[in-house]
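Got a structure here, written out as structure tokens. Questions coming.
The values are calculated or read from the model by the stated rules, or taken from the named source; none is laboratory data. Note that the structure is predicted; figures quoted are calculated from it, not measured. Please note: Cβ atoms are built from the backbone with ideal geometry, for glycine as well, and neighbour counts cover all protein chains shown.
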Amino acid sequence: MKFPFTRKTATEQDNELIERVRRGDRKAWEMIYKTNRWLQKNSIRQYGTEADAEDIYQNAMLALYENIISGRLQKLDGRLSTYLYGIVRNQAGQLLRSFRPKSHELPEHVQEEVPVNIAREDAFLQRQIDRLDDRCRQILLLFYFEKQSAEDIGPQVGIPVDSVRKRKYECLTKLKDLARRYRNTEYDE
């Protein structure tokens, strides 16, 4: 028995929308924009502020539109939302990279304060590291200060290599907790 209609897959529907946008159909573009708005909400959870998420989403939608109009995006093999998610991730990466300092030079008025602050922070960090148990202290020092790999650290501290990363994470969490707990009390002294 044949059915009088065939149901289109989601990818086929997405490809039709893309073709309609390419022909200038404004309603098709609005549909794409509205149905993928969840990516903006997802960006807020992953990348921070609502304003950043809005910028990321707008830039991603602009990139998608340009890809459709220029012919760079002809036909999808998967879902449009998956394609758009990749663009959102790229846009977020660009935004995060833009926040990195362009130079290691600090303004002159800050340079005078830095040695004092660094010395104070180093001393504080050293006190927190000293509060850790011996194994945690050793793992963190070998990994972060001596730049050793998990394969090198495992035998030195007597744990399986597969467990080093998990232990390092646990130790780092302990160190962060100690730092939070003691930060205010030590600077108040």
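Going through the stretch 143-158 one residue at a time, which ones are under 16 Å from Lys174 (Cβ atoms) and either more than 27 Å from the chain's Cα centre (by Cα) or of a type in the set (A, V, I, L, M) (or both)? Give the derivation first.
Here is the first cut: in the stretch 143-158, the ones under 16 Å from Lys174 (Cβ atoms) are 143-144, 157.
Within the stretch 143-158, Val157 is the sole residue that qualifies.
Let me ask you something else. Do you know which of the residues in the stretch 80-95 that are hydroxyl-bearing (Ser, Thr, Tyr) and closer than 19 Å to Thr9 by Cα is surrounded by the fewest Cβ atoms within 10 Å (Cβ to Cβ)?
Residues of the stretch 80-95 that are hydroxyl-bearing (Ser, Thr, Tyr), as a first pass: 81-83, 85.
From the residues that got through so far, the ones that are closer than 19 Å to Thr9 by Cα too are 81-83.
Working: Ser81: 15, Thr82: 12, Tyr83: 17.
Among those residues, the one meeting the criterion is Thr82.
For the stretch 9-40, give me the residue count where each residue is within 17 Å of Arg72 (Cα to Cα), β-branched (Val, Ile, Thr) and in contact with a Leu (Cβ under 7 Å, 6 or more places away or on another chain).
Initially, the stretch 9-40 is screened for residues within 17 Å of Arg72 (Cα to Cα), giving 14-24, 29.
Among the residues that remain, those that are also β-branched (Val, Ile, Thr) are: 18, 21.
Subset that is in contact with a Leu (Cβ under 7 Å, 6 or more places away or on another chain): 18.
Within the stretch 9-40, residues that are within 17 Å of Arg72 (Cα to Cα), β-branched (Val, Ile, Thr) and in contact with a Leu (Cβ under 7 Å, 6 or more places away or on another chain) number 1.
Mind telling me which of the residues Phe124, Phe145 ends up being exposed (fewer than 11 other Cβ atoms within 10 Å of the Cβ) and on the phi < 0 side of the Ramachandran plot? Spell out how you get there, then give the answer.
Working: Phe124 fails: exposed (fewer than 11 other Cβ atoms within 10 Å of the Cβ).
On inspection, the qualifying residue turns out to be Phe145.
Still on this structure, please answer the following. Return the only residue of Asp77, Asp25 being surrounded by fewer than 17 Cβ atoms within 10 Å (Cβ to Cβ), at pLDDT 90 or above and farther than 30 Å from Leu175 by Cα. Working first, answer last.
On the way: Asp77 fails: at pLDDT 90 or above.
Answer to the selection: Asp25.
Mind counting the residues in the stretch 61-94 that are aliphatic (A, V, I, L, M) and in contact (Cβ under 8 Å) with a residue 40 or more places away in the chain? Steps first, please.
Going through the stretch 61-94, the residues aliphatic (A, V, I, L, M) turn out to be 61-64, 68-69, 73, 76, 80, 84, 87-88, 92.
Checking which are in contact (Cβ under 8 Å) with a residue 40 or more places away in the chain leaves us with 68-69, 73, 76, 80, 84, 88, 92.
Residues that pass the stated criteria total 8.
If you go through the stretch 157-168 one residue at a time, do you hit one that is at pLDDT below 85 and acidic (Asp, Glu)?
Scanning the stretch 157-168 turns up no residue that is at pLDDT below 85 and acidic (Asp, Glu).
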